[in-house]
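The values are calculated or read from the model by the stated rules, or taken from the named source; none is laboratory data. Just so you know, these numbers come straight off a predicted model, no measurement behind them. Ideal geometry is used to build each Cβ from the backbone, glycine not excepted, and the neighbour counts take in all protein chains shown.
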């Protein structure tokens, strides 16, 4: 039963990794949304946050946050896969089983924390 629950958690984590890279839609002035006449003006770029080279959509801090969280996400998924193999190959050895189980739990926790950290940092960058 525990193996099934860990497998389900690993699957959910993979879906969170995919959702972690979903694009953030620009909010603000309705005239700047797709279909409006001002989509490519400097005003609309400022409304979307794309005009700032440091904290905008393509800014240095935003890119660094995305790269760092992507690396953490990929590392977490690799740890989950390796720990899943360790779990399957533990063959009743309680110490190996517990090591694999703890690795999966910590990798899932790291994945969730990195996703929330990314969302919080990007949200904070958009506030300034």
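Could you go through the stretch 72-94 and let me know if any residue there is at pLDDT below 95 and closer than 26 Å to residue 127 by Cβ. Among the residues of the stretch 72-94, at least one is at pLDDT below 95 and closer than 26 Å to residue 127 by Cβ, which makes the answer yes. Pairs linking a residue in the stretch 73-95 that is without any contact (Cβ under 8 Å) to a residue 24 or more places away in the chain and on the phi < 0 side of the Ramachandran plot to a residue that is exposed (fewer than 11 other Cβ atoms within 10 Å of the Cβ) and outside any helix (DSSP H, G or I), with Cβ atoms under 8 Å and 6 or more positions apart or on different chains, do not occur.
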